[in-house]
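Undergrad: Below is the structure I would like to discuss, written out as structure tokens.
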Amino acid sequence: MTEEKEENEVELKIHNDQDDISASNLQFQEFGTGNPVTTIPLDAGEIGDAGVQTNRGVPTSFDSADEQEDTASNLLAKKRRKNMPMWTFEYYMQFFDITTTQVLQRITGSVIPSFQGNYLRKYIRSNPDFYGPFWICATLVFTTAISGNLADYIAHAGDYQWTYDFHKVTAAAGAIYVYAWLLPTILWALLWWRHDTVGANITEVVCIYGYSLSIYIPISILWAIPFEWLRWILVILGAFLSGLVLVITIWPLLKHENRQMAVLISLIVLTLHALLAVGFKVYFFGSSGQATLNNNSTTVITSSPTWSTLTTT
């Protein structure tokens, strides 16, 4: 009998506690301090930290859903990288552990601007990689150099003195790898130096910049078509689409800056991205002027012996 009585008392206590909890979710409560505490009940299926509470006159606002997602993703990334020293081969292997589907999704996202979700948060943050940026840069080096020489050959059609310019490969590699790897490192270091915190780690920023160059691979091939108006249209189109994705992605990282500085940094990022495309066009595909210059020099060389021969005669 004693045990049954104790069980009944426990069940009654649990039942009373549940009633108290249900009541507290439906009404305001006053505590001894005289300051109200407002509790907003959670809907079914929501995360527990989605509410807002005010206690003792001091408001405490929880992070937004996006920031919570960023925090969870950062914790997941740190968990994956723990116990992996930077000087080990395994540490760098994780940046090349990515599927073809993920690479294609990141390339597509870097070309098509979207205001529905941040590119970093949607594609990169869960698993930043160097595989895609490395091969995008390598492919762009060769497509730019080969297409540039092809355009030069078309401009010199019928000129037997035309030779392949291997210096274009070196120039393309230097410009592309400096832009894709050094520039994002400088940007990340600047933001970290100014505020001791950045909304993304350095690998994520490098990954963003690397994928932003993917649009120039098909454009560099089309630049071989000998129509100047088409080349400039491709320059504007490529710089606008990928530059817009880049600025939209970088903008949340500037939340610690004042509005004027954030706009200035965004404009610098967009300008440098456009200058890269203009530089490709002018240096690798501006062969029409070079062809005229070479033809004029050839005329001078062939006419000079004739003039000296006539003079001697």
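The values are calculated or read from the model by the stated rules, or taken from the named source; none is laboratory data. All values reported here derive from a predicted model rather than from experimental measurement. Note that each Cβ is placed from the backbone with ideal geometry, even for glycine, and that neighbours are counted across all protein chains shown. Areas reflect the complete protein model, heavy atoms only, side chains present, ligands, DNA and RNA absent. Shrake-Rupley method; radii C 1.70, N 1.55, O 1.52, S 1.80 Å.
Undergrad: Just how much of Leu222 is accessible, in Å², when a 1.4 Å probe is used and the result is rounded to the nearest 10?
TA: Using a 1.4 Å probe on the heavy atoms, I get roughly 80 Å².
Undergrad: Let me ask something additional. If you rank Thr88, Thr101, Thr197 by how much accessible surface each has, with a 1.4 Å probe, what is the order from largest down?
TA: Numbers: Thr88 35, Thr101 85, Thr197 60 Å².
In descending accessible area the options line up as Thr101, Thr197, Thr88.
Undergrad: Which whole-Hz couplings ³J(HN,Hα) result when phi for each residue of the stretch 182-188 is put into the Karplus expression 6.51 cos²θ - 1.76 cosθ + 1.60, θ = phi - 60°, listed in order with x for Gly and Pro?
TA: Whole-Hz 3J(HN,Hα) from phi for the stretch 182-188: 7, 4, x, 5, 5, 4, 4.
Undergrad: Okay, moving on. Just to verify a number: what accessible area does Asp196 come out at with the full protein assembly present, 1.4 Å probe, Å² rounded to tens?
TA: About 110 Å², rounded to the nearest 10.
Undergrad: Round to the nearest 0.05 the FRET efficiency obtained for Lys255 and Thr88 when R0 = 30 Å and r is the Cβ-Cβ distance. Could the numbers behind the result be given before it?
TA: Numbers: r = 34 Å, r/R0 = 1.13.
The calculated FRET efficiency here is 0.30.
Undergrad: Return the loop-located trypsin sites (Lys or Arg not before Pro) in the stretch 204-272 (DSSP other than H, G, I, E, B) with at most 12 other Cβ atoms within 10 Å of their own Cβ; answer none if there are none. Could you put the intermediate results ahead of the total?
TA: Numbers: sites: Arg231, Lys255, Arg259; in loops: Lys255.
Here the sparse-neighbourhood loop sites are Lys255.
Undergrad: Separate question: Counting other Cβ atoms within 10 Å, which chymotrypsin sites (Phe, Trp or Tyr not before Pro) in the stretch 152-222 have at most 14 and lie in a DSSP loop? Numbers along the way, then the final one.
TA: Details: sites: Tyr153, Tyr160, Trp162, Tyr164, Phe166, Tyr177, Tyr179, Trp181, Trp188, Trp192, Trp193, Tyr209, Tyr211, Tyr216; in loops: Tyr160, Trp162, Tyr164, Phe166.
Listed in order of number, the matching sites are Tyr160, Tyr164, Phe166.
Undergrad: So, one more: What number do you get for the stretch 199-239 when its Cα radius of gyration is normalised by 2.2 N^0.38 Å, N = residues? Walk me through the numbers before you get to the answer.
TA: Details: Rg = 13.8 Å, N = 41, 2.2 N^0.38 = 9.0 Å.
Relative to the 2.2 N^0.38 Å estimate, the stretch 199-239 comes out at 1.53.
Undergrad: For the stretch 152-157, what does the Karplus curve 6.51 cos²θ - 1.76 cosθ + 1.60, with θ = phi - 60°, yield as ³J(HN,Hα) per residue in whole Hz, taken in order and with x for Gly and Pro?
TA: Residue by residue, the stretch 152-157 yields 5, 5, 5, 5, 9, 4 Hz.
Undergrad: Say R0 is 35 Å: what FRET efficiency, to the nearest 0.05, do Val278 and Arg194 get from their beta-carbon distance? The partial results should precede the final answer.
TA: On the way: r = 29 Å, r/R0 = 0.83.
In this case the efficiency is close to 0.75.
Undergrad: Give, as ranges by residue number, the residues of the stretch 158-191 whose backbone N falls under 20 Å from the point 7 Å along Cα→Cβ of Trp135.
TA: 173, 176-177, 180-181
Undergrad: So for the pair Ile225, Gln116, with labels modelled 7 Å out along Cα→Cβ, what separation do we get in nm?
TA: 3.0 nm
Undergrad: I would also like to ask the following. Between Phe142 and Thr185, how many nm apart are label points set 7 Å from Cα along the C-beta direction?
TA: 2.5 nm
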